Each structure stands twice: as C-alpha cells, then as structure tokens.
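In what follows, a structure is listed as structure tokens, so that the remarks can point back to it.
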Amino acid sequence: MPSSGDADRPMIFKSPSRLHRIGPSQIRENMRIAMEHDAINLAQGRPDFPTAPVVKQAAIDAIANDHNQYSVTWGLAELREAIANHVRERHGLTFDPETEITITCGVTEAIVAAMLALVEVGDEVIIIEPAHENYVPAVYFASGTPRFVTLRPPDYALPLDELRSAISPRTRAIILNTPHNPSGHVFTREELIAILDLADQHGIYVVTDEIYDHLYYEPHRHIAPATLAPDWTGLVITGGLSKIYAATGWRLGYVLASKDVTTAIRTVHDYLTICAPTPFQYAAVTALALPETYYTDLRARFLRRRELTMQMLTDSGFEPYAPQGAYYLLAGYGPWEHKGDSQSFATRLITEAKVAVVPGGAFYYQATDLGQHLVRFAFAKTSQVLKQAGENLAKAFHNR
C-alpha cells in the first residue's frame, strides 16, 4: 500500500510500446460520429436488414433451453461438424472437426489468434493493402513487423513482382483477404496460385480471411485458396458467420488449419476469449443448414444494392470502382473539389450530407497517397436507406 504521503501523487501511465503505432478504429470512430449527427451509417459493414427468422428462432430456443453456459473452448461439436460439412460440400475440402476447426469470437479474433500462434518477435507478415484495419494491430500484438504490397485502381490486381520483392528471410506469413475489403477485388485463380507457389517456395504461411466467400458478382467467383493446394499445411483459413447471415453482433468466426497449427491457435483462443457465445453457436448450426437458394438470393439482392449504390454515387459527384465481391466499394471524390485529406472529407459528408463513410486513408499504410483521394461506402443496407443516402449526397454535392 502507498504511504499517506504518496496518496496525492498521481500514477503516471505509459502505454506499452506495441500500442504506440495503433490508433483507434476509424471505422468505428466514424460510426460514433454518425450517431452524434443522426447520419446514415454507410461506414460500418453492419447490415440493417434482419437475420433470417429461422436462425433468430434457433438462438431464442437455445437461450430458452438453457444453453447459456460455456461451450467447449474450441466450439460446439455440432457447429464444428456443420462447418466441416459446409466446406466439404462447397469446396471438396476435408477438415477434422475434432483437431482442425476452432470457433472464435469473429474473424477479428481469428486473425489475432493466428498471428499470436504463428509469429515470433521480429517476424515479418505481408499485408495486401488497402487492408482492413485489424490486420496491422494483429501483427503488432504478436510483436511482428508488417510489410505491405499495394493493390492499385482501377482493377486492384495483384502486383506479383511487388509481392516477390516483399518476401525476405524473416517473412513468416501473408494475410490474404478474398473477396477483398475494401476494394471488392476477387482474387483470380492465377493470382492465388502465384501467392501459394511463392509461399510454398519460401516456407511462408498464408492466412486467409474469407468472410465474404458467398458474396461475389458474376462473372467473378470466389475460389477458396485451399482448393488449389488441398494437401498443403501452410494454409490457415479464417471465415465467419456474421456478415452472410446478417448477425454481426453475434461475433462468430472460425479457423481451419492443420492439427499442429490448430493446437497453437486453440491455446491462444482459450486464454483470449475462452469460447464464443454459446446460444449463437447453436443458432449458427441452423444457419449453416439453410438451402443453397439462400445464398443465390443473397447475391442477387446485393447485386441490386451494388448497382443502386454505383448509380447514386455517380449522380453525386463520386467516381466509384465497381466491386467484384463483398459489399463495399471505394470511390474517388475529385469533383467535390475538397482541399483536405480523406478524413476531413469523411467528416464533411457526415456534417453536410448526414452520410457516414470511411476515409480511404484508414486502409493504406505504405501507399498513403492513394488513400487520401478515396472513401469507402458499405452498401449492406436496404434500398430505401441507400436511396435516402443518395438524395442527401446529391443535395450536398450540388449545394457545395
């Protein structure tokens, strides 16, 4: 206990060095600002349409039936089996639910757990930018060093020579997100084979984020990287249930990996979160049993939302890039003749148009100049909400 003479002396806090390069989430910060201004939230990838009734009822039933305590740390056996069946039926991949599948609290935890399980102090991890903002903190949490490879508009194709140059003797892993957030790029078979070949040659793990695997727009199709190297143990696959089933608050993700890697990931997960929410795990079993028509209807609805968003942005002075998958798009805003950076422009949209977006600068770390001319829109909204956002933006643009 401090002596009475020390009682009035304030404790001086010094944050750990690993936090010095990590700021608050700009996505969630802009969501909070949007709430303060009663703005339409096109910043966060949060659907505003309901979860399927049968899936909601499964969660209600689980709670009513007292499935409210801890599950097995790495997830309900029924859910792990359902995920194993899902990837086998969709992709022909075989994973042992007892030793190779872990249920996590969202893909965010899955990525963090994978980094903590794989990365040693000083290891390098290649991140393909523009990148979702949780990847870099995940690498820093593991005491690793991020290295960047940049996708560039208009097609956001993989720069293979740049990827080769980024690999060093200290490279431990590559984080690969497809369909890609925020650009909407769906990596091609040729791009995926090139990444896997390089990783295999150099003994590098590939950690995939495939949370948008069901969301792609023809003629583009999502190709699960593991289908191109089904026997290679260097893949760590992460995915989630929150986006596709419109249940982002349930925080359900998963990791598929070899037995040895899974053992390490489960150790991290055990002490990080213990287990994912039990009632929602039961509901996820029901979600994974939905018929194929659920996914085809979902893609059709999102295609209509994509086209609506592209048109409303074009009508409002933006220069949007058409996404090939997921439910985000990047757009230039040159015609607005804004003098500041992308964050100040995002703030301007909140205050003048009552529409919240994410500044492009939130997604770039190496090619920062690219991000300062872009903002990201999330179109996981009803058509009524998107139309209202379009009207607000058009009015603000013509009154600028």
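The values are calculated or read from the model by the stated rules, or taken from the named source; none is laboratory data. All of these numbers come straight from a predicted model, not from anything done at the bench. Cβ atoms come from the backbone with ideal geometry, glycine included; neighbour counts cover every protein chain shown.
Any residue in region 340-366 that is assigned to a helix (DSSP H, G or I) sitting within a Cβ distance under 7 Å of a residue that is hydroxyl-bearing (Ser, Thr, Tyr)? List the pairs, counting only those 6 or more apart or interchain.
Within 7 Å, the pairs are 345/333; 360/342; 361/342; 361/368.
What number of residues within region 73-100 satisfy the criterion of being among the polar types (S, T, N, Q), part of a loop (DSSP other than H, G, I, E, B) and within 20 Å of residue 283 (Cα to Cα)?
Of the residues in that region, 1 qualify.
Could you list, in sequence order, the residues of region 1-60 that are among the hydrophobic types (A, V, I, L, M, F, W, C), at pLDDT below 85 and more than 30 Å from residue 350 (Cβ to Cβ)?
1, 7, 11, 12, 13
Only one residue in 174, 193 is part of a strand (DSSP E or B), out of contact with any Asp or Glu (no Cβ under 9 Å at 6 or more places or on another chain) and of a type outside the set (Lys, Arg), so which one is that?
174
What is the one condition in (1) over 30 Å from residue 259 (Cβ atoms); (2) surrounded by fewer than 17 Cβ atoms within 10 Å (Cβ to Cβ); (3) over 21 Å from the mean Cα position of the chain (by Cα); (4) in contact (Cβ under 8 Å) with a residue 60 or more places away in the chain that residue 48 does not satisfy?
Unmet condition: (3).
Test residue 192 against the stated conditions and say whether it is in contact with a Ser or Thr (Cβ under 8 Å, 6 or more places away or on another chain), surrounded by 20 or more Cβ atoms within 10 Å (Cβ to Cβ) and over 30 Å from residue 320 (Cβ atoms).
Against the criterion (in contact with a Ser or Thr (Cβ under 8 Å, 6 or more places away or on another chain), surrounded by 20 or more Cβ atoms within 10 Å (Cβ to Cβ) and over 30 Å from residue 320 (Cβ atoms)), residue 192 does not qualify.
How many of the residues making up region 196-211 are touching a Ser or Thr at 6+ places or on another chain (Cβ under 8 Å) and not in a strand (DSSP E or B)?
4
For residue 300, indicate whether it is small (Gly, Ala, Ser), more than 16 Å from residue 184 (Cβ to Cβ), in a helix (DSSP H, G or I) and in contact (Cβ under 8 Å) with a residue 24 or more places away in the chain.
Taking the combined requirement at face value, the residue does not satisfy it.
Consider region 131-148. How many of its residues are touching a residue at least 60 places away in the same chain (Cβ under 8 Å), among the aliphatic types (A, V, I, L, M) and in contact with a strand residue (DSSP E or B) (Cβ under 6 Å, 6 or more places away or on another chain)?
The qualifying residues number 1.
Any idea which of 319, 337, 307 is out of contact with any Asp or Glu (no Cβ under 9 Å at 6 or more places or on another chain) and touching a residue at least 24 places away in the same chain (Cβ under 8 Å)?
337
Name the residues in region 281-303 that are surrounded by 24 or more Cβ atoms within 10 Å (Cβ to Cβ) and touching a Phe, Trp or Tyr at 6+ places or on another chain (Cβ under 6 Å), would you?
Across region 281-303, the qualifying residue is only 287.
Residue 255 - would you say it is touching a residue at least 60 places away in the same chain (Cβ under 8 Å) and either surrounded by fewer than 20 Cβ atoms within 10 Å (Cβ to Cβ) or assigned to a helix (DSSP H, G or I) (or both)?
The answer is no for residue 255.
Would you pick out the residues in region 371-400 that are crowded, with 20+ Cβ neighbours inside 10 Å, of a type in the set (A, V, I, L, M) and assigned to a helix (DSSP H, G or I)?
Passing the criteria: 386, 389, 393.
Within region 102-121, work out how many residues are in contact (Cβ under 8 Å) with a residue 40 or more places away in the chain and more than 15 Å from residue 209 (Cα to Cα).
Residues that pass the stated criteria total 5.
Hey, among the residues in region 61-113 that are hydroxyl-bearing (Ser, Thr, Tyr) and out of contact with any Asp or Glu (no Cβ under 8 Å at 6 or more places or on another chain), which one's surrounded by the fewest Cβ atoms within 10 Å (Cβ to Cβ)?
70
Kindly establish whether residue 328 is in the same structural domain as residue 386 (by TED's automatic domain parsing) and within 24 Å of residue 112 (Cβ to Cβ).
Spelling it out, residue 328 is indeed in the same structural domain as residue 386 (by TED's automatic domain parsing) and within 24 Å of residue 112 (Cβ to Cβ).
Quick one: count up the residues across region 54-72 that are outside any loop (DSSP other than H, G, I, E, B) and over 21 Å from residue 305 (Cβ atoms).
Selection size over region 54-72: 10.
Just wondering, is there one or more residues in region 66-88 that are of a type outside the set (A, V, I, L, M, F, W, C), without any contact (Cβ under 8 Å) to a residue 12 or more places away in the chain and more than 24 Å from residue 326 (Cα to Cα)?
yes
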